[in-house]
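Okay, structure first, notes after.
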C-alpha cells in the first residue's frame with residue numbers, strides 16, 4: 001500500500017503505463033484520452049497530462065480501452081470445457097471475470113463436483129467467481145445424482161471465490177415456505193451473500209414473494225414488460241444472450257437512461273463453438289450497440305453494473321484503486337479485441353493467449369464414471385394409448401428455453417405411438433442415469449424436424465439424465481448405448497450406426513481436451529446432424545438439453561414423466577376426455 005501511495009504521488013516509478021488510450025469512464029459515460037498507470041496489479045492513475053513514469057511503457061495509439069468484461073451469470077459446464085480451459089478461450093475476447101453457477105456438475109456429483117470446479121478454476125488467469133448451487137436437485141419431480149442441503153453449502157462459506165447463493169429455481173418451495181429451501185436462503189443472508197433468482201414465467205405477485213425472501217437478480221426475462229416489473233421491484237435484470245436463449249433484442253426496450261444501472265449482460269449457457277467464434281459478453285455489447293444502445297452505456301452494463309451487483313468493489317471500472325483488468329478494442333461496433341491485460345499483465349494479443357496451458361488437476365473417479373444406464377429394449381420406449389389418438393405434445397421454440405403444450409392427433413398402431421417424420425412428431429425419452437433407479441419418461445415432441453435417426457446426450461438440464469430424441473426406437477437405443485459406453489457426451493445415430501460422437505467423460509458434461517481439439521469434435525457432431533436434418537437452423541443440442549428442465553414453462557419431460565410447469569404437476573401423454 002505504501003509503495004502504491006508513493007507511486008500515486010509520482011515519487012517513484014510505476015510498473016507499467018499504457019499511453020495514449022481512449023479510456024472508457026463508466027462512471028460518467030465519457031471517453032478520456034489518457035495514460036493508464038499500473039502498479040502491483042492495480043490502477044494508480046488515469047493520467048491525462050502524461051506526468052507519470054514507469055519501467056515499462058506501451059502506446060495504445062489512440063485506440064479504445066475499456067474495463068475487463070464480466071459475465072453476470074454462466075454455467076461453465078455448458079461450454080463443455082473445464083474452467084481452466086474455458087478461461088483460455090474467453091480471455092482473448094476481453095472477458096476477464098465470470099460469475100458461474102456450477103449446479104450442472106453439482107447435480108451429477110454433489111460437493112465433489114463443486115470442489116473440482118473450484119480447484120480447477122484456481123489455476124485460471126481470469127477471475128472465476130462461484131455461486132453455491134441452491135437447487136440440487138432442481139425440483140422434487142426428477143432424480144439427480146446428488147442432494148445439497150444448507151449444511152453442505154455452509155462448508156464452502158468463506159472461500160475467496162464464493163460470492164453467494166446461485167439461482168433459486170424451485171419457486172413453489174420458496175412461495176410455500178418449505179424449510180429446506182428457506183434454510184439455504186437464510187444461510188446466504190447471514191453470510192452476507194448475494195442471492196440469485198430464476199423467475200421464468202413468474203407473475204408480479206410471485207416476484208414479490210421472491211423479493212420477500214431477499215432474492216436479488218433474475219436472468220430469465222423474455223419480454224421488456226417482465227424486465228420492467230423486476231426493476232420496479234428492486235431486482236437486477238441480467239440480459240441473456242446465449243446459444244439457445246437469445247433475449248437481448250427483446251429486452252433492450254426496457255433499458256433507459258434512468259434505470260440502466262440495474263441491468264447487466266449474461267450468457268447463462270453457451271456452447272464451445274459459439275464461444276470460440278463470438279465470445280460472450282463482448283458479443284452482447286456489440287449486439288446492443290448495433291441495436292442502438294450508446295456504446296459506453298453497453299460497456300457499463302458489461303462491467304461496473306455486474307461488479308456492483310456482486311459487491312466486487314475494486315472491479316468493473318478504469319479508475320484509481322481498481323484492479324488493472326482492461327481491454328484494448330480495435331472497433332467499438334464489433335468489439336474486436338486486440339489486447340487484454342489481467343491484473344496489469346498482458347495475457348492475450350491478437351486473439352492468442354500468451355501463456356501455456358496449466359497442468360491438469362486430478363479428478364476423482366466418481367466424477368469420470370457417472371453414467372449408469374440400464375439395458376433398455378423397445379418396450380421401455382413405448383408410449384401406450386388406450387382411448388384414441390390425441391396427445392399432449394411438447395412443442396419446442398427454436399432459440400428459446402421455453403416450450404408450448406399443444407394437443408395433436410398422432411399416429412397410433414396397435415395401441416402404441418408411432419413417430420411421424422411428415423408431421424414432425426418424434427419420440428423423446430429421459431432415462432435416469434445416476435443411481436440405476438430404473439425411472440424413465442417418454443413423450444412426444446414437435447419442432448425438431450429430424451428426417452431420420454436419433455440424437456442423444458447426457459447434457460440435460462439440470463439433473464443431467466440421458467435424453468434422446470428420435471424417429472425410431474432402434475436408433476434411440478443405439479444412441480443410449482453409445483452414451484453409456486463413452487460415459488456421457490453427444491451422439492448422432494442413423495440406420496443403426498453411430499455417425500459421430502463427442503465424449504464428455506467429466507460428469508457426462510465436460511471434456512478434458514483442449515478447446516481447439518474439442519471444437520473439432522463438436523464440429524464433426526454438428527456436421528453429422530446435418531446429415532439427418534439438412535435444414536437445421538437452430539442450436540439442436542442446447543435446445544434438446546433444456547427439454548428436461550421442469551422449472552421453465554410450459555411443458556417438459558423428466559425421468560418421472562411428462563410435466564406441466566404451469567400447473568407444476570405431471571400429466572399423461574394421452575388425452576382422455
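Can you work out which of the residues in the range 456-478 that are part of a helix (DSSP H, G or I) and in contact (Cβ under 8 Å) with a residue 60 or more places away in the chain is nearest to the chain's Cα centre (by Cα)? Write out each step before concluding.
First, pick out the residues of the range 456-478 that are part of a helix (DSSP H, G or I): 473-478.
Of the ones still in play, those that are also in contact (Cβ under 8 Å) with a residue 60 or more places away in the chain are 473-474, 476-477.
On the way: 473: 31, 474: 33, 476: 27, 477: 29 Å.
That would be 476.
Could you tell me whether any residue of the range 372-388 is more than 28 Å from residue 447 (Cβ to Cβ), surrounded by fewer than 20 Cβ atoms within 10 Å (Cβ to Cβ) and in contact (Cβ under 8 Å) with a residue 40 or more places away in the chain? Steps first, please.
Initial filter on the range 372-388 (more than 28 Å from residue 447 (Cβ to Cβ)): 372, 374-375.
Now restrict to residues that are surrounded by fewer than 20 Cβ atoms within 10 Å (Cβ to Cβ): 372, 374-375.
Filter once more, so that each one left must be in contact (Cβ under 8 Å) with a residue 40 or more places away in the chain: 372, 374.
Yes; the residues of the range 372-388 include at least one that is more than 28 Å from residue 447 (Cβ to Cβ), surrounded by fewer than 20 Cβ atoms within 10 Å (Cβ to Cβ) and in contact (Cβ under 8 Å) with a residue 40 or more places away in the chain.
So which helices (runs of 4 or more DSSP H) are wholly in the range 205-299 and hold at least 2 residues that are in contact with a strand residue (DSSP E or B) (Cβ under 8 Å, 6 or more places away or on another chain) and under 28 Å from residue 192 (Cβ atoms)? Quick ask: steps written out before the conclusion?
Details: elements: 224-232, 248-251, 272-278, 281-290.
It comes to 224-232.
So is residue 330 farther than 21 Å from residue 470 by Cβ, outside the structural domain of residue 473 (by TED's automatic domain parsing), touching a residue at least 24 places away in the same chain (Cβ under 8 Å) and surrounded by fewer than 18 Cβ atoms within 10 Å (Cβ to Cβ) or not? Can you show your working first?
Working: farther than 21 Å from residue 470 by Cβ: yes; outside the structural domain of residue 473 (by TED's automatic domain parsing): yes; touching a residue at least 24 places away in the same chain (Cβ under 8 Å): yes; surrounded by fewer than 18 Cβ atoms within 10 Å (Cβ to Cβ): yes.
Against the criterion (farther than 21 Å from residue 470 by Cβ, outside the structural domain of residue 473 (by TED's automatic domain parsing), touching a residue at least 24 places away in the same chain (Cβ under 8 Å) and surrounded by fewer than 18 Cβ atoms within 10 Å (Cβ to Cβ)), residue 330 qualifies.
Given the conditions (1) surrounded by 15 or more Cβ atoms within 10 Å (Cβ to Cβ); (2) within 29 Å of residue 382 (Cβ to Cβ), report the number of the one that residue 567 does not fulfil.
(1)
Yes/no per residue for (1) in a loop (DSSP other than H, G, I, E, B); (2) within 30 Å of residue 201 (Cα to Cα):
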residue	(1), (2)
375	yes, no
379	no, no
386	yes, no
442	no, yes
480	no, no
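Every residue, every condition in (1) more than 18 Å from the chain's Cα centre (by Cα); (2) under 25 Å from residue 306 (Cβ atoms); (3) touching a residue at least 12 places away in the same chain (Cβ under 8 Å), yes or no:
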position: 167; (1), (2), (3): no, yes, yes
position: 201; (1), (2), (3): yes, yes, yes
position: 212; (1), (2), (3): yes, yes, no
position: 219; (1), (2), (3): no, yes, yes
position: 222; (1), (2), (3): no, yes, yes
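Out of all the residues in the range 55-76, which are under 24 Å from residue 462 (Cβ atoms) and in contact with a strand residue (DSSP E or B) (Cβ under 6 Å, 6 or more places away or on another chain)?
Residues of the range 55-76 under 24 Å from residue 462 (Cβ atoms): 70-76.
Once the filter is applied, which keeps residues that are under 24 Å from residue 462 (Cβ atoms) and in contact with a strand residue (DSSP E or B) (Cβ under 6 Å, 6 or more places away or on another chain), the range 55-76 yields 70, 71, 72, 73, 74, 76.
Across the range 316-336, what is the total count of residues that are closer than 16 Å to residue 281 by Cα and part of a loop (DSSP other than H, G, I, E, B)?
The qualifying residues number 7.
Considering only residues that are more than 16 Å from residue 469 (Cβ to Cβ) and buried (at least 16 other Cβ atoms within 10 Å of the Cβ), which ones fall in the range 412-432?
Filtering the range 412-432 for residues more than 16 Å from residue 469 (Cβ to Cβ) gives 412-416, 422, 432.
Matches in the range 412-432: 412, 432.
When only residues in the range 444-455 that are over 23 Å from the mean Cα position of the chain (by Cα) and not in a loop (DSSP other than H, G, I, E, B) count, which is farthest from residue 145 (Cα to Cα)?
At the first step, the residues of the range 444-455 found to be over 23 Å from the mean Cα position of the chain (by Cα) are 444-447, 449-454.
Checking which are not in a loop (DSSP other than H, G, I, E, B) leaves us with 444-446, 454.
Values: 444: 25, 445: 26, 446: 29, 454: 25 Å.
Here the answer is 446.
Quick check on residue 362: is it within 30 Å of the chain's Cα centre (by Cα), without any contact (Cβ under 8 Å) to a residue 12 or more places away in the chain, surrounded by fewer than 15 Cβ atoms within 10 Å (Cβ to Cβ) and more than 30 Å from residue 58 (Cα to Cα)? Break it down into steps so the answer makes sense when it comes.
Numbers: within 30 Å of the chain's Cα centre (by Cα): yes; without any contact (Cβ under 8 Å) to a residue 12 or more places away in the chain: yes; surrounded by fewer than 15 Cβ atoms within 10 Å (Cβ to Cβ): yes; more than 30 Å from residue 58 (Cα to Cα): yes.
Here the answer is yes, as residue 362 does meet what is asked.
Looking at residue 389 and the list (1) on the phi > 0 side of the Ramachandran plot; (2) in the same structural domain as residue 435 (by TED's automatic domain parsing), which single condition is not satisfied?
Only one criterion is unmet by residue 389, namely (1).
State all residues of the range 45-67 that are touching a helix residue (DSSP H, G or I) at 6+ places or on another chain (Cβ under 9 Å) and either crowded, with 24+ Cβ neighbours inside 10 Å or in a loop (DSSP other than H, G, I, E, B) (or both); if no residue qualifies, say none.
Across the range 45-67, the qualifying residues are 52, 66, 67.
If you take the residues of the range 395-411 that are part of a strand (DSSP E or B) and more than 23 Å from the chain's Cα centre (by Cα), which of them is surrounded by the most Cβ atoms within 10 Å (Cβ to Cβ)?
Step one: filter the range 395-411 for residues part of a strand (DSSP E or B), giving 395-396, 403-409.
Then drop every residue that is not more than 23 Å from the chain's Cα centre (by Cα), which leaves 405-409.
On the way: 405: 18, 406: 15, 407: 10, 408: 16, 409: 13.
Only one residue fits best here, namely 405.
Please specify each residue of the range 176-204 satisfying the condition of being in a helix (DSSP H, G or I) and either out of contact with any strand residue (DSSP E or B) (no Cβ under 9 Å at 6 or more places or on another chain) or surrounded by 19 or more Cβ atoms within 10 Å (Cβ to Cβ) (or both). Spell out how you get there, then give the answer.
First, pick out the residues of the range 176-204 that are in a helix (DSSP H, G or I): 179-190, 204.
If the condition is that a residue be in a helix (DSSP H, G or I) and either out of contact with any strand residue (DSSP E or B) (no Cβ under 9 Å at 6 or more places or on another chain) or surrounded by 19 or more Cβ atoms within 10 Å (Cβ to Cβ) (or both), then 179, 180, 181, 182, 183, 184, 185, 186, 187, 188, 190, 204 are the ones that fit.
Have a look at 214, 164 and point out the one that is surrounded by fewer than 22 Cβ atoms within 10 Å (Cβ to Cβ) and either outside the structural domain of residue 462 (by TED's automatic domain parsing) or modelled with pLDDT under 95 (or both). Give the derivation first.
On the way: 164 fails: surrounded by fewer than 22 Cβ atoms within 10 Å (Cβ to Cβ).
Of 214, 164, the one residue that is surrounded by fewer than 22 Cβ atoms within 10 Å (Cβ to Cβ) and either outside the structural domain of residue 462 (by TED's automatic domain parsing) or modelled with pLDDT under 95 (or both) is 214.
The values are calculated or read from the model by the stated rules, or taken from the named source; none is laboratory data. Small disclaimer: the values here were computed from a predicted structure and weren't measured. Quick reminder, even Gly has a Cβ in these numbers, built from the backbone with ideal geometry, and neighbours come from all protein chains shown.
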